[in-house]
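For reference, the structure discussed in these notes is given below.
The values are calculated or read from the model by the stated rules, or taken from the named source; none is laboratory data. Since the model is a prediction, treat every value here as computed from it, not as a measurement. So basically every Cβ, Gly included, is an ideal-geometry build from the backbone, and we count neighbours across all protein chains shown. These area figures cover heavy atoms from the full protein model, side chains too; ligands, DNA and RNA do not enter into them. Shrake-Rupley method; radii C 1.70, N 1.55, O 1.52, S 1.80 Å.
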Amino acid sequence: MRYMYLNLLLIVMPFIPCSSQSVNSNEATSQKLSNLVIVLSDQHSADMVGAYGNKEIITPNLDKLSSEGMLLENAYSSQPVCTPFRGMLMSGLHPLKNGAFVNDVPLLPNKTKLLAQILKEKGYQTAYFGKWHLLGGNRDRPIPKELTYGFDTVLTNNCHTDFRAGKAFFWNKNGEKEFFNEWEPYGQTRQAIDYLKDIDKSKPFAIILSLHPPHDWGKFKGEDGKMHYRYDTIDELMNLYNRDSITLRPGLEDTPDRRRMYHGYMAEVTGVDIALGRLMGQLKKMQAEDNTLIVFSADHGDMLESHDAILPKQYPHDYSNKIPFILKYPKKIKKGIRSKTFFGTLDILPTLLGYLDIDSNQDYDGRDLSKTLEKSKINREDYVPLWVYQLGGVNAINWRGVVTEDYTFSMDEDKNPITNTLFDRKKDPFQLNNLFNNPNYTVVKERLEKLTYQWMHKYKDDFYGPKDFKSVQPKETWSYNYTKSPMDLFEKKAR
């Protein structure tokens with residue numbers, strides 16, 4: 001149908017007055033633009049996808065997407081926390097600049113043109129479904145129109161962690177709370193599919209479907225008497241796995257409570273995969289696959305108690321920050337590529353715009369790797385910066401580091417063993433032997449520390465911690481700050 005329309009346009013154009021011809025020319029240009037579909041899961045580690053080597057996880061749709069496109073073997077969530085990841089995705093700017101530097105603080109609307117705003121200017125129809133987590137402050141409220149960052153349609157609960165039918169909800173177009181009558185990811189996927197069925201087919205579209213699982217949703221008291229994060233989900237997904245036959249990650253003590261965690265987590269991952277398959281089915285019905293850049297990724301991973309982690313995320317280990325990143329784009333990406341090129345959160349926006357041939361006339365803190373990912377090249381000095389900022393509170397950690405081809409390194413100012421790390425990625429792929437205090441690695445450690453301070457200097461990060469952020473906190477508090485970035489306030493204080 002698309003080609004019939006273009007042929008008809010070419011036939012009738014010589015007989016159209018000049019003013020009308022100009023309008024139709026713009027429509028034709030708009031139609032040539034490729035669509036964009038981003039699907040996100042939350043707390044989804046790269047090792048929990050079949051295409052990344054897990055032989056027990058059931059992810060046929062992700063595996064198929066990988067075989068039809070490109071899988072990034074070295075994609076990392078630079079700050080493995082929900083809000084900061086999303087802020088960097090939308091802005092291409094470091095969190096100290098875009099404002100979204102910890103959970104539940106807003107992405108600033110006044111620092112740069114954001115992803116959907118850029119696409120809207122090019123004629124895109126824009127929509128967002130699922131977890132938002134960029135509003136800041138009280139989570140239980142709809143997103144004001146002025147803070148939808150260029151998305152025309154936003155159906156979200158902002159951030160809510162009960163995914164059960166009758167409990168999961170979203171704010172509708174009238175700002176009213178509606179509850180899903182099915183497991184939340186399936187309901188959110190249905191919303192995206194319904195949207196695609198009714199779009200204007202003469203214009204390109206850009207949607208984000210942000211699914212919250214396999215995120216934990218509360219805790220349970222285990223057989224050991226301790227509290228553990230809960231992942232149990234609907235029976236149809238739980239029944240796909242035999243809890244007793246699941247293989248836990250190396251180095252983790254095998255207990256019934258951890259098997260329960262893994263069982264629910266893996267079942268949720270399969271549910272996300274099913275949701276992806278349904279969305280891909282709709283794109284196929286629309287015959288839109290060949291003209292759509294499709295991306296699957298995740299905010300960050302989940303430790304699942306590996307390395308004695310108290311929290312699911314926020315750590316420098318691969319289970320926390322190594323994420324799945326898969327792209328399909330027949331126009332520019334060949335099938336079945338596995339790229340080793342290092343890729344961080346800051347690189348996402350400029351790279352996607354590069355693939356779409358869109359120049360936003362803005363500077364980004366990340367790199368446009370659209371022309372280099374397929375080359376799959378790395379060298380000794382390539383690295384992705386890693387960090388976590390904190391405002392304080394229970395279990396607060398504050399660290400900086402890098403990941404390179406050979407090593408993962410992190411440091412803090414509190415001598416915490418879990419955030420002062422040095423792992424040999426080749427000799428110790430499961431990161432079981434911390435070399436941070438090993439004298440034989442002093443030279444390596446110094447080089448990685450130098451790389452860390454190099455990116456900190458670039459982004460004007462003076463190893464800021466809770467006391468520093470408190471010292472410049474605006475009167476409306478960080479949670480309700482919609483105008484000033486941390487960098488603005490630190491620079492003001494220094495003057």
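Looking at E381, E374, which is the one that is open to solvent by 10 Å² or more (accessible area, probe 1.4 Å) and assigned to a helix (DSSP H, G or I)?
E374
May I ask you to list the residues in the stretch 209-221 that are part of a loop (DSSP other than H, G, I, E, B) and open to solvent by less than 10 Å² (accessible area, probe 1.4 Å)?
Answer for the stretch 209-221, where residues must be part of a loop (DSSP other than H, G, I, E, B) and open to solvent by less than 10 Å² (accessible area, probe 1.4 Å): L211, H212, P213, P214.
Out of the residues in the stretch 71-127 that are part of a loop (DSSP other than H, G, I, E, B) and touching a strand residue (DSSP E or B) at 6+ places or on another chain (Cβ under 8 Å), which is nearest to I337 (Cα to Cα)?
For the stretch 71-127, the residue satisfying everything is E73.
Filter the stretch 222-241 for residues that are in a loop (DSSP other than H, G, I, E, B) and not hydroxyl-bearing (S, T, Y) and give the result.
Matches in the stretch 222-241: G222, E223, D224, G225, K226, R230, D232, I234, N239, L240.
Listed here are the residues, each with its yes/no results for (1) acidic (D, E); (2) open to solvent by less than 20 Å² (accessible area, probe 1.4 Å); (3) in contact with a Lys or Arg (Cβ under 9 Å, 6 or more places away or on another chain); (4) within 24 Å of K377 (Cα to Cα).
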position: L391; (1), (2), (3), (4): no, no, yes, no
position: M411; (1), (2), (3), (4): no, yes, yes, no
position: K415; (1), (2), (3), (4): no, no, no, no
position: I418; (1), (2), (3), (4): no, no, no, no
position: F423; (1), (2), (3), (4): no, yes, no, yes
position: N433; (1), (2), (3), (4): no, no, yes, no
position: N440; (1), (2), (3), (4): no, no, no, no
position: D462; (1), (2), (3), (4): yes, no, no, no
position: Q473; (1), (2), (3), (4): no, no, no, no
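Would a scan of the stretch 231-240 turn up a residue that is open to solvent by 20 Å² or more (accessible area, probe 1.4 Å), farther than 15 Å from E56 by Cα and not charged (D, E, K, R)?
Checked the stretch 231-240: at least one residue is open to solvent by 20 Å² or more (accessible area, probe 1.4 Å), farther than 15 Å from E56 by Cα and not charged (D, E, K, R).
Which members of the stretch 354-386 meet the condition of being modelled with pLDDT of 95 or more, touching a Ser or Thr at 6+ places or on another chain (Cβ under 7 Å), under 30 Å from I418 (Cα atoms) and not hydroxyl-bearing (S, T, Y)?
Within the stretch 354-386, V384, P385, L386 qualify.
Looking only at the stretch 240-257, decide whether some residue is in contact with a Leu (Cβ under 6 Å, 6 or more places away or on another chain) and charged (D, E, K, R).
Yes.
Residue-by-condition table, conditions (1) buried (at least 24 other Cβ atoms within 10 Å of the Cβ); (2) hydrophobic (A, V, I, L, M, F, W, C); (3) farther than 30 Å from E223 by Cα; (4) under 21 Å from the mean Cα position of the chain (by Cα):
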position: M280; (1), (2), (3), (4): no, yes, yes, yes
position: V295; (1), (2), (3), (4): no, yes, yes, yes
position: A309; (1), (2), (3), (4): no, yes, no, no
position: D347; (1), (2), (3), (4): yes, no, yes, yes
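Among D162, D152, D140, which is touching a strand residue (DSSP E or B) at 6+ places or on another chain (Cβ under 6 Å) and open to solvent by 10 Å² or more (accessible area, probe 1.4 Å)?
From the options D162, D152, D140, the qualifying one is D152.
Show the residue pairs meeting these rules: Cβ distance below 6 Å; 6+ apart or different chains; first residue within the stretch 302-325 and in contact (Cβ under 8 Å) with a residue 40 or more places away in the chain; second residue of a type in the set (K, R) and assigned to a loop (DSSP other than H, G, I, E, B).
Qualifying pairs under 6 Å: S306/R249; S320/K313.
For R249, state whether it is farther than 17 Å from Y186 by Cα, under 25 Å from the mean Cα position of the chain (by Cα), open to solvent by less than 30 Å² (accessible area, probe 1.4 Å) and of a type in the set (D, E, K, R).
Considered against the rule, which asks whether it is farther than 17 Å from Y186 by Cα, under 25 Å from the mean Cα position of the chain (by Cα), open to solvent by less than 30 Å² (accessible area, probe 1.4 Å) and of a type in the set (D, E, K, R), R249 comes out as yes.
Tell me yes or no: at least one residue of the stretch 78-92 is surrounded by 24 or more Cβ atoms within 10 Å (Cβ to Cβ), aliphatic (A, V, I, L, M) and closer than 18 Å to L489 by Cβ.
No - not one qualifying residue is present in the stretch 78-92.
Could you check A206 against (1) of a type outside the set (S, T, N, Q); (2) modelled with pLDDT of 95 or more; (3) surrounded by fewer than 23 Cβ atoms within 10 Å (Cβ to Cβ) and say which number it fails?
(3)
Within the stretch 223-233, which residues are farther than 15 Å from I310 by Cα, in contact (Cβ under 8 Å) with a residue 12 or more places away in the chain and not acidic (D, E)?
Y231, T233 - these are the residues of the stretch 223-233 that are farther than 15 Å from I310 by Cα, in contact (Cβ under 8 Å) with a residue 12 or more places away in the chain and not acidic (D, E).
Would you confirm, using the coordinates I've provided, whether T270 is β-branched (V, I, T) and open to solvent by 10 Å² or more (accessible area, probe 1.4 Å)?
So T270 fails the test.
Tell me which residues, restricted to the stretch 429-475, are of a type outside the set (K, R), assigned to a helix (DSSP H, G or I) and free of Cβ contacts under 8 Å to residues at least 12 places away in the same chain.
Within the stretch 429-475, P439, N440, T442, V443, E446, Y453, Q454, H457 meet the criteria.
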